[in-house]
1. Condition test on Thr1456, is it free of Cβ contacts under 8 Å to residues at least 12 places away in the same chain and either open to solvent by less than 40 Å² (accessible area, probe 1.4 Å) or under 18 Å from Tyr1564 (Cβ atoms) (or both)?
2. Working carefully through the options Cys532, Cys542, find the one that is in contact (Cβ under 8 Å) with a residue 12 or more places away in the chain and assigned to a loop (DSSP other than H, G, I, E, B).
3. Quick one: in segment 517-553, which of the residues that are open to solvent by less than 20 Å² (accessible area, probe 1.4 Å) and acidic (Asp, Glu) is nearest to Ile420 (Cα to Cα)?
4. In the set Pro1066, Pro996, Pro1048, which member is under 27 Å from Cys1225 (Cα atoms), touching a residue at least 12 places away in the same chain (Cβ under 8 Å) and outside any helix (DSSP H, G or I)?
5. Output the residue which, of all residues in segment 1484-1528 that are in a strand (DSSP E or B) and open to solvent by 10 Å² or more (accessible area, probe 1.4 Å), is modelled with the lowest pLDDT.
6. Quick one: which strands (runs of 3 or more DSSP E) lie wholly within segment 620-713 and hold at least 3 residues that are over 20 Å from Pro585 (Cα atoms) and modelled with pLDDT of 90 or more?
7. Which ones in segment 462-497 are touching a Gly at 6+ places or on another chain (Cβ under 8 Å) and either closer than 19 Å to Pro400 by Cβ or at pLDDT below 90 (or both)?
8. Test of understanding: among Gly343, Gly318, which residue is touching a helix residue (DSSP H, G or I) at 6+ places or on another chain (Cβ under 6 Å), at pLDDT 85 or above and open to solvent by less than 70 Å² (accessible area, probe 1.4 Å)?
Amino acid sequence: MTDRGVDLSALPKEVRDQLAELDLELSEGDITQKGYEKKRTKLLAPYIIQNDFQPPAPSSSSQAPPPSSSSRYRERRSRRTHRRGGTRDDRYRSDVHSEAVQAALAKHKEEKMALPMPTKRRSTYVQSPIETRTPPDSSSGSEDETSVRRQSSVIAPPPPVNSNKQSPDCWISRSAQGSSTSSSASSTLSHGEAKPHRTAAVTDMLAHTASENSAPPPDVTTVAPPTRGPRVDLPSNAVVQGMSRGQSRSSMMETADGVPVSSRVSTKIQQLLNTLKRPKRPPLSEFFTDDSEEIVQVPQPDPNTPKPEGRQIIPVKGEPLGVVSNWPPALQAALARWGATQGKSPALTALDITGKPLYTLTYGKLWSRSVKLAYTLLNKLGNKNEQILKPGDRVALVYPNSDPGMFWVAFYGCLLAEVIPVPIEVPLSRKDAGISQVGFLLGSCGVSLALTSEICLKGLPKTPTGEILQFKGWPRLKWVITDSKYLTKPGKDWQPHIPTANTDPAYIEYKASKDGTVVGVAMSKVAMLTHCQALTQACNYCEGETLVNVLDFKKEMGLWHGVLTAVMNRIHTISVPYAVMKACPLSWVQRVHIHKARVALVKCRDLHWAMMAHRDQRDVSLASLRMLIVADGANPWSVSSCDAFLSLFQSHGLKPEVVCPCAASPEAMTVAIRRPGVLGAPLPARAILSMSGLSHGVIRVNTEDKNSALTVQDVGHVMPGALMCIVKPDGPPQLCKTDEIGEIIINSRAGGMMYYGLPGLTKNTFEVIPVNANGVPIGEIPFVRSGLLGFVGPGSLIFVVGKIEGLLMVSGRRHNADDLVATALAVEPVKTVYRGRIAVFSVSVFYDERVVIVAEQRPDASEEDSFQWMSRVLQAIDSIHQVGLYCLALVPANTLPKTPLGGIHISDTKQFFLEGTLHPCNILMCPHTCVTNLPKPRQKQPVGVGPASVMVGNLVAGKRIAQAAGRDLGMIEDQDLVRKHQYLTEALQWRAQTDPEHVLFVLLNSKGVAVGTATCIQLHKRAEKIAAALTEKGSINTGENVVLLFPPSIDLIAAFYGCLYAGCVPVNVRPPHPQNLAATLPTVRMIIDVSKAACILTTQNLMRTLRSKEAAASVNIKTWPTIIDTDDLPRRRPPQIYRPPTAEMIAYLDFSVSTTGMLTGVKISHAAVSALCRSIKLQCELYSSRQIAICLDPYCGLGFVLWCLASVYSGHQSILIPPFELESCLSLWLSTLSQYRVRDTFCSYSVMELCTKGLGTQTELLKSRGLDCCVRLCFRPVLSAPGLTLQSACRCVTQQAPTSYTVYVMDETQTSVISVLQGTTGPDPCTVYVDMKSLRHDRVRLVERGAPQSLPLMESGKILPGVRVIIVNPETRGPLGDSHLGEIWVHSPHNASGYYTIYGEESLQANHFNTKLSFGDPQTLWARTGYLGFVKRTELLDASGDRHDALFVVGSLDETLELRGLRYHPIDIETSVSRAHRSIAESAVFTWTNLLVVVSELCGSEQDALDLVPLITNVVLEEHHLIVGVVVIVDPGVIPINSRGEKQRMHLRDSFLADQLDPIYVAYNM
């Protein structure tokens, strides 16, 4: 048993009771044997460990000694670190925030410094090597389970038990094992984590009653663990106490491979277990494993990478916090004191928009108004009996930046009422940057009441009824106006309660994180008070001083100095709002001069603005300043701003020692501040650091290139009473070495206490316990993460080099967004971009982060200037930071989303970039330089054919040759017709005699009205007239070619039979487009010339067009052959109707333009025509009483066969719908099906697409009009249409035609007019999903639907009777095995006879029409289709009872692109591109000098054009691992499409090279 010698009697009573309850559950069949074992093992695990292991030697650091009274401290410590690992893991799984996913994946990065670590997307369960989880899909012990066990041991090898070194792998396995949901992580009682197991005195618990406050044992009867936050299956101290991996595994799995005979499991559960033993499908994880290791090119680590060499850092202590006798017990007490004793003393001066004082609030007024507000909040908001606000409730403070007085009163009023203020920005509209995230903050803080001023409330956006707008994501708020006239004065006996400062929250400060989420940092009352004391001591504040504050008074430094510490020390604050700074940048300097201010609180931006406006004021003096606090003094560009400001204003009395940069963060509050200097004391030194070293996280003094150096200034010493460490920013909080950059963490009473309402996040930030190199905690005190990156310099000075939020991890190296901004600014930005309007962020593309820079361009900057600036920025960043930029975009001025105080909202900018709504005016993509992890190009092996080829054909491996055949085309039916009338002309004559009035054709116009019909006799007589005209007017000899130039009409059909009656060879040609003669007429002329036509049959209108002046501009109209107008024919009959001497003679020529732009004519014999018509008749069960609807172009291929030939052969009625009529009436095709009750219809993919796009929203309307179809839908897809679009088109059409639809598919090629066609019998076409990566290597690998990189392919229909298909290797010409990708070859009686060429190239004929296999069956003659595909034998049965062989077409061989040694199909790339943005209507790709060119048609506004460039580049890189060389954005309709709806990519390429596209934008991603 799993208890292995545990003395059950020695266990605590609580555990014994739980074991008894488990036994009861098992005996009653409520739990499986496996679940029982698992729960039991979990209960006993701690005691097994204690008994099995001896206490380790004292030197071992990773094992904790058994808990005794002396070592309990250490055990609790080890548990705490272990649990912290778990909550870290929780944090990444949190639904609320995805901010730390990068950090979770970055845990491995310490081991592999220079590797671009691929993101592993595996099933959540298999990802972490955890003993206690069972894999999905294995409800009982099965082979899968053991395979997952093996897998987990491969993922993370078990660490040695007492290893001192802690690898990241070990950390991950620990953190995953100790992980729990955020609720259980924060709960101290969860599974007894917080208390030692053996000393816990728990109330007696009987087997049938559970104590309320103890957590019940977790239910592990459900096998698959929950998706969110995995449970703790082992007590979290198990690993720390020394339980080795092997033991826990064996203890868990001892009975997992089968249920013992003696088990007491109920028979039903046992049956269930047996059924689930062998899952039919592999577990999900196998389908969704993203094999990025195979894809990504992993660069080798550079041996010259600098590594930290110093000793481990020692925590730095600030000076002790002085004890002052008259410190107030709480901040409110200080306000009460000044309000009573110094009531006339000024507290705050507010400025108007011009920078002049608007009002001054005295301490007496501040106190009295705050008391009134506190009284009103607590007593006057609701009815008399109900109290709306209670102490501890959260209240939003919504005040504009220009009204500090109202804010102060509201803030202190809340403190006095003991409610918690949450200051936020004033919402201006629904579209404010990050507005919904502020709603998330209010929701997580449980805010339901908002305080605001009357003026502010009037300015809030309102609904038409006058109510305040409900902002996106915001909770419902009650708004309260705090102006004095609305407040109630309290009675004389009412006084606010001012308790001594304690650990309850005092206020909540909002903070926006890197990904845009807004969280609330709660400050306790004691931290607020202590922070004010520490700032007073550090800054040497004196009572009655004057302070000028330019910062936002609602948060951070502006709040801490200008609102809180100011009141503590009775300081007079002059608040300079942002709006005043915009209007008068020098206003703060003037205020210092006028009020002789001692302290000024500014940002670098304010220094810069003051310098710009300096010329306006020459007589200002800054001599009174003893401290100029620079709030963002930690930024890399702050050094130059401070130096420049000092040099400019030194002549105005500014002393060098007064400049005091500081570092702060919302969580840790003030981290460090430079103390005000003494006159004449030496100025602090600067650190000049190597950028290269910084990117590897180490400090190296720059000795090489002065360009790649970063100069940083210190931010002074640690705050009084604080303790500071530097820890590694990712992974466990391990102390850094002295020459290593890390995150600054602070332990101080003056720091934030938590993220309000987010316990999981709080634990990871506010309760960090640093560990040494061995992973052993250095103490018990928790630290707070500041989010600042830095190091400790000489003399314990603190240097900050960046923020975690601005950290960009590119290829394993760290780059700071602020550094990149500073470099970009250094490239003469003034002419081109605005200085403060640059955003730098990274986007994840192809398994790595890519750097993107977005800046606002000045309106007067020219295109040339912009591009010059962009290219210089690229070079500068490349040489200084050694990182390639992925994209550099310039947007018009004032279009980037702003934060309330004018900065750029980075996360919204990034979101706009990724969504394609940024609308840049200039863009430069450089994927070639920065994407270095592309897979190596494939080297193709030479293919030779030898005697072993048959063996290589996988026949030995049991694979059958990939071939399929239709049923036999014997003399099955209508034998008389077949024997007597082997020519169509005879069939028509026979029908005219036997059934003259039978209607063969009905032609519809756009209104659905029949504008022409043809019975058998009418068609026969009309054909006779045309034959007579040809012999008389045209003097045509037998066998000569005649061009038919007709719109889709019955005239075309009559002209075709007229030619056959006269013994001529008809050549059907699409007529020129009258509005576009220049483009379409030359093709007509070319076909006429190539076919050597002796005559042209056409209509009167077209005859005029051919001889018009417009036509003369494109072709030589004087050399047309004889033109006969069929509208006016003499009533004559030919002397005789021609009968060909042999069926092998040519019946007609089929000319078409291929997708590669080649014009080819194919000879079709009479025998082929008869065989083809017979095959279609058999497959589709066509006979005289049938009606079919045809919506195809009648000029070549299948469209021509169905339009002109099939009806005459089979006798069915054809309803002809010219496809161009659909443009004026989209529902024409569907309404025809409904009106005529047609059951069979043939249409092209483009027709279906037109209907789905145009009618997709009108389904209900069509139904209401009575549209009702019952159709076996037969359509011919364009071969390049992707399977998925085809399916969605079918689905859409099915929705629009309400009754029943079956979707049938057909394919045609040039060599064989039609090879496959889904008939009325046989299985429905199936869809498979193939792996795109395998297709690129010419392999077929079938995957499940939804698997990554999968491509849906729809079966191409059932092979026609008499047709054989085989899959052949196009290079060796040998047959391939089942499910192998190769060229499709066809053998059928209706194959074409050959190409119709002027010179009759025999080799081409033999190569395409009469090819033989190199081995296998070398006798049969095959026609090559030029299409790649594969045959797959399915489980379905066909009509004869055999297993059905499905043929799948992948794409055209001629069209494939050879890039990086792989074969790509253009349609796959185009499908990805079309999905990239809603404004992409159509796209086409081709190659140009080894570069991939993507041409996209823009259907939106032209301002979207540049948005498409990065999105197209991203999607092609992500899905196809190719870098796009050129992106061309063009107008709709530019991509040429042939008559069959196929893109003419080669024509497009020629137009691009000839610069004839007139593009909207061309981006060269060079």
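1. Here the answer is no, as Thr1456 does not meet what is asked.
2. Values: Cys532 fails: assigned to a loop (DSSP other than H, G, I, E, B).
Of Cys532, Cys542, the one residue that is in contact (Cβ under 8 Å) with a residue 12 or more places away in the chain and assigned to a loop (DSSP other than H, G, I, E, B) is Cys542.
3. For segment 517-553, the residue satisfying everything is Asp552.
4. The match here is Pro1048.
5. Looking at residues that are in a strand (DSSP E or B) and open to solvent by 10 Å² or more (accessible area, probe 1.4 Å), I get Trp1488.
6. 659-665, 669-673
7. The initial filter retains those residues of segment 462-497 that are touching a Gly at 6+ places or on another chain (Cβ under 8 Å), namely 471-475, 482.
Those that are touching a Gly at 6+ places or on another chain (Cβ under 8 Å) and either closer than 19 Å to Pro400 by Cβ or at pLDDT below 90 (or both): Phe471, Lys472, Gly473, Trp474, Thr482.
8. Within the list Gly343, Gly318, the selection yields Gly343.
The values are calculated or read from the model by the stated rules, or taken from the named source; none is laboratory data. A quick note: this is a predicted structure, and the numbers were derived from the prediction, not measured. Backbone-built Cβ (ideal geometry, glycine too); neighbour counts: all protein chains shown. Heavy atoms of the whole protein, side chains included, go into the accessibility calculation; ligands, DNA and RNA do not. Shrake-Rupley method; radii C 1.70, N 1.55, O 1.52, S 1.80 Å.
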